[in-house]
1. Tell me, rounded to the nearest percent, the portion of alpha carbon pairs in region 341-467 spaced more than 21 Å apart.
2. Quick one: which of 539-552, 227-240 comes out on top by average Cβ neighbours within 10 Å, and what's the full order, highest first?
3. Treating the Cα atoms of region 256-372 as identical point scatterers in vacuum, please give the log10 of the normalised Debye intensity I(q)/I(0) at q = 0.15 Å⁻¹, two decimals.
4. Could you state the number of Å between the C-alpha centres of region 234-277 and region 137-184?
5. At 1.4 Å probe size, with no ligands or nucleic acids counted, give the accessible surface of Ile423 in Å², nearest ten.
6. Between Tyr396, His359, Leu373, whose Cα lies farthest towards the positive end of the dipole of region 351-404 when Lys and Arg beta carbons carry +1 and Asp and Glu beta carbons carry -1, centred on the Cα centre?
7. Above 19 angstrom, tally the Cα pairs of region 97-200 and express them as a % of all pairs, no decimals.
8. Distance in nm between label sites at Asp164 and Val480, each 7 Å beyond Cα in the beta-carbon direction?
Amino acid sequence: MASLQLPCTHSPSCSDHRRSTPHRLFPKPSHFNTHPKRSHRLQVSCTAAPDGGQNQNVEGKVDRRNMLLGLGGLYGATNLVPTPSASANPIQSPQLDKCGAATNLNTGKQLDINCCPPTSETVVDYKIPPFLRTKTRPAAHRVSPEYIFKYNLAVDRMKRLPADDPRNFMQQANIHCAYCNGAYDQPGQGTLDLQVHNSWLFFPFHRWYLYFYERILGKLINDPTFALPFWNWDNPKGMTIPPMFVDPKSAIYNAKRNPKNLPPAVIDLGMTGNTDTLQVVANNLTVMYTEMIRGNSDAYDFMGKAYREGTPVNPGPGASERGSHTAAHVWVGDPREPSGEDLGNFYSAGRDSLFYCHHANVDRMWTLWQYFLPSAKVPDKKITDPDFLNTSFLFYDENAKLVRVTVKDCLDNLKMGFEYERIDLPWLDYRPPPQTAKARIARVASTAPKAETLFPLDLDRVVRFEVSKTKKGKADELLVLENITVDTSKFLKFDVFVNDEDDNPGELDKAAYAGTYAQVPHKTNSPSAATSIRLKLTDLYEDMDIADDDTIVVTLVPRHEGPGVTIGGIKIIENPTPTTSS
């Protein structure tokens, strides 16, 4: 499959032409028609760039929309979120010789898991090596038999490496276990966990993780152009587990998957349990539109909340992480296993080759968000906070050398040498239809209690309540759910609806659907911090014609069974970074 060629990028006349030429960002896609403890030995630290790393993507700008989509557009260096006035310190890369046992709650008993990597006395600050041409990561459903053979050969050779080789398949799987399940403490912060999920580190960490995994596979088959596939679960043609992963004789097969969700089962990104395939597809496209376009007011809503040195775990996940990302993990994980192994739990997720294919699509979502989605929705998509840019991680490269990497060096996938195959985005224009049956809404509102009478709330059932708006007629507002505390060892998910007139929680393709919160099961050694999420209401108000109402009726629908979520409060605030609807 051919990679798209880079158009002119460095000529001023080229940039001027792009700036002055109006066009749609994407060709209108054809819709899929549906009904609408440890000793000190190795010290690792990171050093901030002199300018805080804020100018990493200014020099040598690339017309990213052309690169992926073959269309015009302009990516400007001014597309930045202002640096907060107060800044602490970036989280430092872990000290490998202080790695301890990861933990997992396993049917009532504590299971200690040794997923610590080999240690090394030498750590090198990594520099991305030069490359002759950009690799193209292919859509997993479209790959050739030759590609499948090459991919299996690489994974088979990875599995045959000595057990103590850091490039070995289980050693690579253990990277996710160590960074995500309580094996590392934040350097200099006592026993405070280091966790790369549920914060602004989610996308950068996993991008680096896939980068080295991909390079190791390429090294093992002597093919530096090898690129990981991505599971394009955002497109109806890719909404089943890719067929190459279900061959029991292949190296990329894993038996620990939910047998009910093997092909031809369609992934349920909404986790609604709906059995109507067409409705599931419609729900999936709505989930993607909501978490990528409709529900975010700034970069932190999409990327995740700030996570600095000394910050407790789980400050707050971004829309993509708590949405489609979590759903795919849990949907594939095997319910017959004690903790949803393999893909359904952080400690074991990397043991399934499908994990890397899944996360390649997650990374693709970040790339789309950064460079190719309409900027009118969220004009500021870059985080320039030095504590974000200078956070560092440790990985072993394809030559088994321990290297230190920083967030600021992974913000541009093209500079890292890879891009993604062009695939249609049917969710791009999948805005739900207007929903303005105000008579029914008024009856619901008349019976709903005031929010202040219910919170704090243990969410173990469907709950409906009335929330006062900040200002009548103010359309640019955010719904904030705050002080959310969760049992991290469980799969937990709840959806949020506003003025839902039909009370059918199995259908998400409607204007009333505002967003979701969900988590993959994992274990921490420290008490979880209270999390909060924000859901942008601008488009929802417009689609439901309720901007002039004094109150809204919110419905919370848990998708999990039993207790595990407590919500401290809910409120509506004015958007501090207002945007225009488009």
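The values are calculated or read from the model by the stated rules, or taken from the named source; none is laboratory data. This is a predicted model, so every value here is computed, not measured. For neighbour counting, all protein chains shown are included, and Cβ atoms are generated from backbone atoms with ideal geometry for every residue, glycine included. Note: areas computed on protein heavy atoms with side chains; ligands, DNA, RNA excluded. Shrake-Rupley method; radii C 1.70, N 1.55, O 1.52, S 1.80 Å.
1. Details: 5512 of 8001 pairs.
So the portion of pairs separated by more than 21 Å is 69 percent.
2. Details: 539-552: 19.4, 227-240: 22.9.
My ranking of the peptides, most packed first, is 227-240, 539-552.
3. -0.75
4. 19 Å
5. Near enough 20 Å² of accessible area.
6. Of the candidates, Leu373 comes out farthest on the positive side.
7. Roughly 64 percent, rounded to a whole number.
8. Distance between the two pseudo-spin positions: 5.3 nm.
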